[in-house]
Amino acid sequence: MTIIPFHGSKYPPHRYAVTAKGNTGEITLYGVIGDPYDGISAAQFMTDLRKLDGASVINIHINSPGGIVSEGRAIFNRLKSHAARKIVHVDSEASSIAALIAMAGDEIRMLEGSVMLVHRAWGVAIGNANQLRDRIRDLETIDQAQVETFTRRTGMKPDAVLSLMDEDRYMSAEEAVRLKFADVSFTGMKAAALSVDRSALGLPELPAARPNLTRLEARTRMEAVMTTQKIKPARGAR
C-alpha cells in the first residue's frame with residue numbers, strides 16, 4: 001500500500017492534536033483515519049506520540065467514521081503499548097477502524113448519544129478469479145484480526161463478535177457498555193457526528209436524528225485514493 005505522508009500543519013488542531021500538560025496527555029482524533037488527502041496518518045501519529053513519553057495518563061477523544069485498516073491498526077498498537085493509563089472518550093462516533101483504536105483504552109467512556117460500529121472489512125476488487133480469491137482471503141484475514149481484538153476486550157465468543165460485525169449497524173452507548181465494548185456511558189454532554197460520505201467508507205447512514213457538525217467535516221476521498229494511489233482496497237478500505 002502506498003500512502004502519502006501526512007503533515008500535521010495540513011490538519012486543523014480541532015480535528016487532530018496531540019498535546020501534553022504535565023504528566024497528562026490529550027489526543028484528539030476527529031476525522032478519517034489514514035486518508036492521505038485529509039486524514040490522520042499513523043506515521044504522523046507515531047511522531048507526535050513521542051510528546052507523551054512521560055505521561056502517566058492520556059485522554060483520547062474520538063469522533064471518527066473510520067478509514068484505512070492498516071493505519072488504524074498501527075495507531076491502536078502504538079497506543080496499546082504506551083505505558084500510560086489510557087482513557088478513551090467516544091465523543092460522538094467510533095466506527096469501523098476507529099472502534100478498534102478505541103479498544104486501546106484501559107477505560108472507554110461513551111458520551112450521551114454516541115455510537116460505535118464494528119463490521120467486516122470492506123473494499124472494492126477488480127481482477128481475475130485468482131486475484132479476487134486473494135482479495136477475499138485478505139478480507140477474511142483482516143476480519144479475523146479484528147475479531148481477536150474485540151474478543152479480548154469484551155470477553156465475547158468469536159462467533160458472537162463476528163455475528164455483530166455481520167449486522168453492520170451502530171451500537172448505542174448503552175449497548176456498547178452492555179456488550180463490554182465500553183465501560184461507562186455519560187449523559188449531559190453531546191457532540192455532533194462528522195459529516196462524511198459514509199458510502200465511500202462502506203458504512204450505513206447514521207440515524208437521521210443525529211446532527212452533523214460541518215465545521216469538523218472530514219472530507220473522505222477513499223475512491224480517489226484507490227484510483228490514484230493504487231491502494232489495494234481489500235487490505236485498506238474500511
Given Glu71, Glu112, which one is under 22 Å from Glu148 (Cα atoms) and among the charged types (D, E, K, R)?
Glu71
Here are Tyr30, Tyr37: which of them is under 21 Å from Glu107 (Cα atoms) and at pLDDT below 95?
Tyr30
Residue among Asp143, Asp168 that alone is at pLDDT 95 or above and not hydrophobic (A, V, I, L, M, F, W, C):
Asp143
So is Glu112 of a type in the set (Asp, Glu), in a loop (DSSP other than H, G, I, E, B) and either farther than 24 Å from Asp138 by Cβ or under 11 Å from the mean Cα position of the chain (by Cα) (or both) or not?
yes
Out of Ile126, Ile58, Ile101, report the one residue that is outside any helix (DSSP H, G or I) and either buried (at least 21 other Cβ atoms within 10 Å of the Cβ) or in contact (Cβ under 8 Å) with a residue 24 or more places away in the chain (or both).
Ile58
How many residues, within segment 61-118, are at pLDDT below 95 and either among the basic types (Lys, Arg) or in contact with a His (Cβ under 6 Å, 6 or more places away or on another chain) (or both)?
1
Looking for whichever is within 15 Å of Gly25 (Cβ to Cβ), polar (S, T, N, Q) and not in a strand (DSSP E or B) here; the options are Thr47, Thr141. Which one fits?
Thr47
Give me the pairs, please: first residue somewhere in segment 76-92 and open to solvent by 10 Å² or more (accessible area, probe 1.4 Å), second residue anywhere and basic (Lys, Arg), beta-carbon distance under 6 Å, and either six or more positions apart or on two chains.
His89/Arg109
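The values are calculated or read from the model by the stated rules, or taken from the named source; none is laboratory data. Given the structure is predicted, the values throughout are model-derived calculations rather than measurements. All Cβ positions, glycine included, derive from the backbone under ideal geometry; neighbour counts span all protein chains shown. The area values use the complete protein model at the heavy-atom level, side chains included, leaving out ligands, DNA and RNA. Shrake-Rupley method; radii C 1.70, N 1.55, O 1.52, S 1.80 Å.
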